[in-house]
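Asks: Quick one: the structure is below, and I'll ask about it shortly.
Coordinate-derived values only; no laboratory data. Remember, it's a predicted structure, so these values are computed and weren't measured experimentally. Every residue, glycine among them, receives a Cβ derived from its backbone with ideal geometry; neighbour counts consider all protein chains shown.
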Amino acid sequence: MGKIKKKNEKKADKLTVDTSEDSSSKISSVSVTPTEELPPPFLKVVSEDKPVEKEEPPKNVTTVIHSPELYQEPVLTHLIVEKYEGELVNGLYEGDGVAYYKDGNVYKGTFSEGLMHGKGAYTWEDGVTYEGQISKNFPMGHGIYKWPNGSRYEGQVYKGIRHGTGIYISSDQQISYEGDWYNGKRHGKGLMYYDSEETSWYEGEWMHNDKEGWGVQRYKSGNIYEGQWKNNKFHGMGRMRWITSNEEYVGQWENGIQNGHGTHTWFLKRVPGSQYSLRNEYVGNFVNGQRHGHGQFFYANGAMYDGEWKNNKKHGVGKFVFKNGRIYVGEFANDQISEYPNFKYDRVNTPDLSGIRTQSPGGPGTINSSPTNSGLPSLAGSYIELDITSLLNTFPENQQSEELKQVEYGILRNLTMLKKTYKFYSSLGNENCFDNAFLMTKLQFWRFLKDCKFHHYDLTLSEIDRILNGNGDPEEIHSPYATLLLRTFLTNIVYLAYHITHEENPEKKFSLVDCFSRIMAQNISPNACNVKGFLFCEPQKTEYAMSFIDKCWDIYKSCCQRNRSPPYEPTMTMRHFIWMMNDLKIINKDLTVTKIVEILADDDPSVHNGDEINLELELTFFEFFEALFGCAIIYVTDELFNQSLSERHQEEQNQISVTDEIAEDVTEKLQKKDLTNKWFHQINIFFLNIFFPAYEHVEQLKAEIPKNKMRQAEQARLEKIREEEEARLKALKAEEEAKKIEQMEIERASALLEDIQISKDQTDENKSGQELITLNKDDSSIPPSTASTKKTAAASKKKKK
């Protein structure tokens with residue numbers, strides 16, 4: 001029996017308990033409690049997203065959702081209480097108690113006014129349990145649901161339904177979900193794991209238990225999709241990465257299939273020393289997962305197809321550019337060239353192109369890269385496609401076709417030499433390339449320009465970059481890593497030839513072929529392949545020097561300043577270079593400013609203008625890099641070299657336990673070896689012991705400057721606060737002193753007033769006494785009355801007091 005307590009605050013018209021002998025207690029007037037929503041479905045990936053063929057995108061990306069067993073726990077309403085253990089107040093369940101219901105459900109927890117309210121645990125007959133907060137018979141707030149098979153949910157609950165944020169874990173501990181819930185369903189942002197190892201998961205947006213919005217899914221194989229979803233399928237923009245096959249697709253999806261514009265990339269393992277690009281790549285339209293419409297396919301060896309596609313095959317008008325720059329433009333059908341033009345070049349018949357496919361390298365569809373694959377002529381009749389539209393626009397429209405034709409003929413007459421030159425410079429620093437296929441970098445192109453004296457026409461290499469860049473990215477104008485195909489190399493020569501010729505003779509109109517022929521005769525033919533400078537002079541030295549290029553490029557970019565003229569790209573002048581060397585404290589009695597200027601002026605007539613020196617000339621990274629090597633040779637003198645050498649030999653000798661005679665022999669051999677490789681040690685000492693540490697030290701100091709300023713500002717702020725506090729305390733102290741003085745003055749004035757009042761009272765009393773004496777003398781014959789006598793006596797007493 002429950003204890004009965006009286007509680008005046010409880011109202012008698014609240015829920016009551018029927019205590020009749022024939023019926024059990026019932027909880028009445030309770031709204032229907034929603035049933036617990038189904039647990040999250042068990043998702044299994046039936047077919048993982050991977051391409052069927054190496055070059056084929058996935059045809060369909062789907063996941064099948066298997067619904068688990070449905071759990072229906074009884075509602076918390078109209079349940080007949082067979083037994084109650086706990087406290088009662090005014091006949092209502094109150095405080096902690098246990099209620100046993102007729103259908104086998106049990107509640108143990110807190111009651112209030114006859115309702116389950118507070119914290120408690122409710123167990124259904126089928127084994128489902130809820131433990132947590134309950135509000136007026138509704139699971140509400142934070143709670144834990146547990147099902148008989150071991151699955152559980154912990155999180156926020158609203159009227160018995162998962163609502164808010166919570167965590168669900170399946171019975172086999174394989175599937176778990178943590179995130180937002182709405183009306184019992186995954187809705188909002190959440191993370192779901194599909195295995196206990198957490199190798200397969202989805203993190204992103206949900207809508208009514210479906211993946212919808214933006215999200216990332218990782219499959220057990222390691223493949224990852226990141227992008228937009230709809231109805232559990234890829235839909236919208238997204239990126240799929242197949243880690244197992246080293247492929248990637250970025251683009252539009254529709255119902256789990258590629259539809260729209262996208263880029264599919266096949267990444268390749270690079271051969272050590274190779275300059276091949278690292279991927280096969282298709283950029284274009286997809287329809288139902290297949291290449292269909294217009295698109296471009298870039299092959300790993302440098303070849304490219306640009307044209308129409310149908311059902312994953314080249315079909316329609318297209319242009320095929322071979323890796324050597326030669327071009328075929330025409331019809332393709334069923335992935336092959338429709339007709340083989342009967343053209344000849346250098347007495348070599350055109351190759352059989354029937355094997356061309358867009359499949360991954362290594363398969364039957366790779367392009368034949370043998371030397372006999374010499375390519376096909378373009379529609380213009382030459383083997384090289386030049387992009388000189390802007391130059392042709394300077395000529396009358398009726399002359400443009402002839403100008404293009406003549407300059408192409410001019411290139412063909414010199415093509416053998418030009419190809420040799422391109423191959424020579426593109427191989428500098430890559431002598432150990434295994435595939436013998438080179439792409440010229442901007443660094444090598446700068447060396448070609450300086451060897452052929454293009455900078456002797458009042459042009460710096462930076463100005464040449466701006467002329468050739470057009471409307472490209474300003475930040476990449478002077479990048480040493482940019483590459484140039486053969487056709488780009490030839491196009492650049494035509495542009496420079498036209499610019500130089502017309503700058504020297506602005507009033508005379510030259511044809512493109514005349515400009516090109518003049519530069520070939522004066523600059524390229526007599527000078528090409530005769531390498532000068534510090535960087536590419538010897539193959540072994542070049543290979544070692546290139547190991548410093550990345551770090552030096554970072555330093556160069558950090559020291560550049562924004563150019564004041566369009567396109568406002570970062571540049572460096574010779575003056576800035578000297579300032580940098582001075583800031584790094586590298587200038588000394590051996591490496592003087594004069595020596596640095598001589599290094600910068602090497603093979604550059606623009607530096608010296610008579611007796612004056614022009615230090616406002618711009619330096620490309622190539623000139624910056626070469627100047628550092630020139631400085632290294634001068635800075636590391638024999639004295640510094642021998643000192644470093646002896647220190648290293650001393651370290652090596654300390655590690656060798658031999659007799660003095662053997663030690664001397666080892667030292668002699670090491671010295672001979674070091675003398676042979678002196679250049680390498682000079683470069684090593686300069687860069688690793690001097691230049692790089694000095695730059696890092698300066699960067700650390702620069703990084704400390706704002707910190708010091710912040711510290712100084714903080715100290716100034718604290719000092720100001722301290723001064724203000726001292727001033728405030730001083731003011732308070734002065735105010736207190738003033739108040740004390742004022743109080744003392746008030747007290748002194750009060751005391752003075754009291755003294756005056758006392759003196760006045762005494763004077764008045766004296767006067768009254770004298771008057772009384774006179775009166776007594778005058779009225780001595782008249783006896784005083786009784787009343788007068790009493791008053792006089794009272795006055796006398798008062799006076800005595």
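Asks: Check Asn563: other-chain or 5+ apart residues with amide H under 5 Å from its amide H, H built from backbone geometry?
Replies: Amide H neighbours of Asn563, under 5 Å, 5+ apart: Glu569, Thr571.
Asks: Residue separation times 0.36 nm, minus the C-alpha to C-alpha distance between Tyr100 and Arg717: what's the value?
Replies: Details: separation 617, 0.36 × 617 = 222.12 nm, distance 6.90 nm.
Full-extension gain reported as 215.2 nm.
Asks: Given the pairs Lys323/Lys405; Lys453/Lys589; Lys709/Lys730, which are separated by over 27 angstrom at their Cα positions? Please report the intermediate quantities before stating the final value.
Replies: Details: Lys323/Lys405 23 Å; Lys453/Lys589 33 Å; Lys709/Lys730 30 Å.
Those over the limit are Lys453/Lys589; Lys709/Lys730.
Asks: I'd like the distance between the alpha-carbon centres of the stretch 571-614 and the stretch 698-718, rounded to an integer number of Å.
Replies: Result: 33 Å between the Cα centres.
Asks: Towards the positive end of the charge dipole of the stretch 476-565, with charges on Cβ (+1 Lys, Arg; -1 Asp, Glu), say which of Met520, Val494, Pro506 has the farthest Cα.
Replies: My answer, from the dipole projection, is Pro506.
Asks: Further, regarding this structure: For Phe234, which sequence-distant residues (separation of 5 or more, or a different chain) have an amide H within less than 5 Å of its own amide H, given hydrogens modelled in the peptide plane?
Replies: Under 5 Å from the amide H of Phe234 lie the amide H atoms of Gly256, each far enough along the sequence or on another chain.
Asks: Tell me, in nm to one decimal, what length is gained between Glu503 and Phe641 on full extension, where the rule is 0.36 nm per residue of separation less the Cα-Cα distance? Walk me through the numbers on the way to the answer.
Replies: Working: separation 138, 0.36 × 138 = 49.68 nm, distance 4.83 nm.
Value of the extension gain: 44.8 nm.
Asks: Rounded to the nearest 20 debye, what is the charge dipole size of the stretch 389-532 about its Cα centre when +1 sits on each Lys and Arg Cβ and -1 on each Asp and Glu Cβ?
Replies: Values: 15 positive and 17 negative charges, 120 e Å.
Using only the charged Cβ atoms, the result is roughly 580 debye.
Asks: Return the distance in nm (one decimal) between the two label points of a simple spin-label model at Thr594 and Leu412, each offset 7 Å from Cα along Cα→Cβ.
Replies: Once both label points are built, they end up 5.8 nm from each other.
Asks: Of the listed pairs Lys585/Lys678; Lys319/Lys450; Lys83/Lys146; Lys419/Lys509, which have alpha-carbon separations greater than 26 Å here?
Replies: On the way: Lys585/Lys678 24 Å; Lys319/Lys450 35 Å; Lys83/Lys146 24 Å; Lys419/Lys509 29 Å.
Result: Lys319/Lys450; Lys419/Lys509 exceed 26 Å.
Asks: While we're looking at this one, here's another question. With just the Cα atoms defining each centre, how far is the stretch 279-304 from the stretch 100-148? Give it in Å.
Replies: Measuring centre to centre over Cα atoms gives 62 Å.
Asks: Note down the relative contact order for the stretch 451-533 as a percent, whole number, built from C-alpha pairs under 8 angstrom at least six residues apart. Show your work: numbers first, answer last.
Replies: Numbers: 42 pairs, mean separation 36.5, N = 83.
Rounded, it is 44 percent for the stretch 451-533.
Asks: According to a simple spin-label model (label point 7 Å from Cα along Cα-to-Cβ), what is the distance in nm between Ser750 and Glu725?
Replies: Those two pseudo-labels are separated by 3.7 nm.
Asks: Show me the ranking of peptides 523-529, 283-289, 297-303, 696-702 by mean Cβ neighbours inside 10 Å, starting with the highest.
Replies: Details: 523-529: 16.4, 283-289: 19.3, 297-303: 21.0, 696-702: 11.6.
Result, highest mean first: 297-303, 283-289, 523-529, 696-702.
Asks: Report the extension gain between Asn614 and Ser390 in nm, rounded to one decimal, defined as 0.36 nm multiplied by the number of residues separating them, less their alpha carbon distance. Show your work: numbers first, answer last.
Replies: Details: separation 224, 0.36 × 224 = 80.64 nm, distance 3.30 nm.
Taking 0.36 nm per residue and subtracting the Cα distance, the gain is 77.3 nm.
Asks: Let me ask another. Test of the criteria: in the stretch 475-516, which GluC sites (Glu not before Pro) are in a DSSP loop and have at most 12 other Cβ atoms within 10 angstrom of their Cβ? Mind showing how you got there, number by number?
Replies: Details: sites: Glu475, Glu476, Glu503, Glu504, Glu507; in loops: Glu507.
Here the GluC sites (Glu not before Pro) that fit, given the DSSP loop and packing criteria, are Glu507.
Asks: Any chance you could check the Cα centroid distance between the stretch 478-533 and the stretch 392-419 for me, in angstrom?
Replies: 13
Asks: Still on this structure, please answer the following. Quick check: from the Cα gyration tensor, does the stretch 479-536 come out rounded (a/c under 1.5), prolate or oblate? If you can, show how the numbers build up before the last one.
Replies: Details: a/c = 2.17, a/b = 1.61, b/c = 1.35.
Taking the square roots of the gyration eigenvalues as a ≥ b ≥ c, the stretch 479-536 is prolate.
Asks: First measure r as the distance between the Cβ atoms of Glu178 and His261, then evaluate 1/(1 + (r/R0)^6) with R0 = 41 Å and state the FRET efficiency to the nearest 0.05. Working shown, then result.
Replies: Details: r = 36 Å, r/R0 = 0.87.
Computed FRET efficiency for Glu178 and His261 comes out at 0.70.
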